[in-house]
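Structure record follows, encoded as structure tokens.
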Amino acid sequence: MLDTYAWANLGRSPRFPAVDVASEQRLHIMTRGLLLDWAATAAPTDNATAAAATNAGHALRAFDRRSTLSDPRARAYLLDAFRDFDDQDEDVDPHPHDCAGRCAGTGEVLTVLTWEHHGDDIYTAVHQEPILCYGAPTTHALDCATCEGHGFTYTPGYRELCLDGRIPASEPATSSVVPRNA
């Protein structure tokens, strides 16, 4: 936060003409407001911090030349502005923050891959790891060569998730995988 404040002030000096003052001031207001908002959330009885976070939200709206909002929506605007700013800096985000595949923008989903069999069709999760998120719930190809369309492979005492035939729900359920018997 201090860095953005310092660069915003240096940009006013003729010795540092290349600094984008408006961008640095906006970043300073946004960062200060987010810190105040997080502090107000951590201490809900501290009304002064909540009021300062609200004022920062209104200041950011005014800086962006947007109309005023209610106090809670002004605080929410701080987070929305940060997410937009964060998305501009990292174009490598594979998915949006509210991805339908439940990856929260990371492009990976923590999934149970192996279950241990305890008899009577009781399986206990044993191993999980991050796998690629397709951006939507996935289905399994009916003609998968690895699991023959069941979605699981079975070894003595274990059941494992088959990742070979996963396809996004938006694609048709059949795939071009040739069955083993062909």
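The values are calculated or read from the model by the stated rules, or taken from the named source; none is laboratory data. Owing to the predicted nature of the structure, the values given are computational and were not obtained by experimental measurement. Glycine gets a Cβ as well: all are built from the backbone with ideal geometry, and neighbour counts include every protein chain shown. The protein model used for the area step is the full one, side chains on, heavy atoms only, and it has no ligands, DNA or RNA in it. Shrake-Rupley method; radii C 1.70, N 1.55, O 1.52, S 1.80 Å.
A quick yes/no check of all residues on (1) out of contact with any Asp or Glu (no Cβ under 6 Å at 6 or more places or on another chain); (2) at pLDDT 80 or above:
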{"site": "143", "(1), (2)": "yes, yes"}
{"site": "146", "(1), (2)": "no, yes"}
{"site": "174", "(1), (2)": "yes, no"}
{"site": "177", "(1), (2)": "no, no"}
{"site": "180", "(1), (2)": "yes, no"}
Search segment 146-166 for residues that are among the polar types (S, T, N, Q) and pair each with any residue that is open to solvent by 50 Å² or more (accessible area, probe 1.4 Å) and part of a loop (DSSP other than H, G, I, E, B) when their beta-carbon atoms are under 6 Å apart and the residues are at least 6 apart or on different chains.
146/164
What pairs come up if the first residue lies in segment 126-139 and is more than 15 Å from residue 152 (Cα to Cα), the second is open to solvent by 70 Å² or more (accessible area, probe 1.4 Å) and of a type in the set (Asp, Glu), and their beta carbons are under 8 Å apart, counting only those six or more places apart or on different chains?
130/108; 131/108; 132/108; 133/108
Quick one: residue 6 ticks every box in (1) aliphatic (A, V, I, L, M); (2) assigned to a helix (DSSP H, G or I); (3) at pLDDT 75 or above bar one, so which box is it?
(3)
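Yes/no per residue for (1) over 18 Å from the mean Cα position of the chain (by Cα); (2) not in a helix (DSSP H, G or I):
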position: 35; (1), (2): yes, no
position: 80; (1), (2): no, no
position: 85; (1), (2): no, no
position: 101; (1), (2): no, yes
position: 120; (1), (2): yes, yes
Unique match (being open to solvent by less than 60 Å² (accessible area, probe 1.4 Å), within 24 Å of residue 83 (Cα to Cα) and not β-branched (Val, Ile, Thr)) among 145, 136, 100, 104:
136
Picking from 155, 114, the residue that is touching a His at 6+ places or on another chain (Cβ under 6 Å) and either open to solvent by 90 Å² or more (accessible area, probe 1.4 Å) or at pLDDT 85 or above (or both) would be 114
So which residues in segment 122-133 are open to solvent by 50 Å² or more (accessible area, probe 1.4 Å) and either under 24 Å from residue 97 (Cβ atoms) or in a loop (DSSP other than H, G, I, E, B) (or both)?
122, 128, 129, 130, 132
Looking at 73, 61 in this structure, which one is in contact with a Phe, Trp or Tyr (Cβ under 7 Å, 6 or more places away or on another chain) and at pLDDT 85 or above?
61
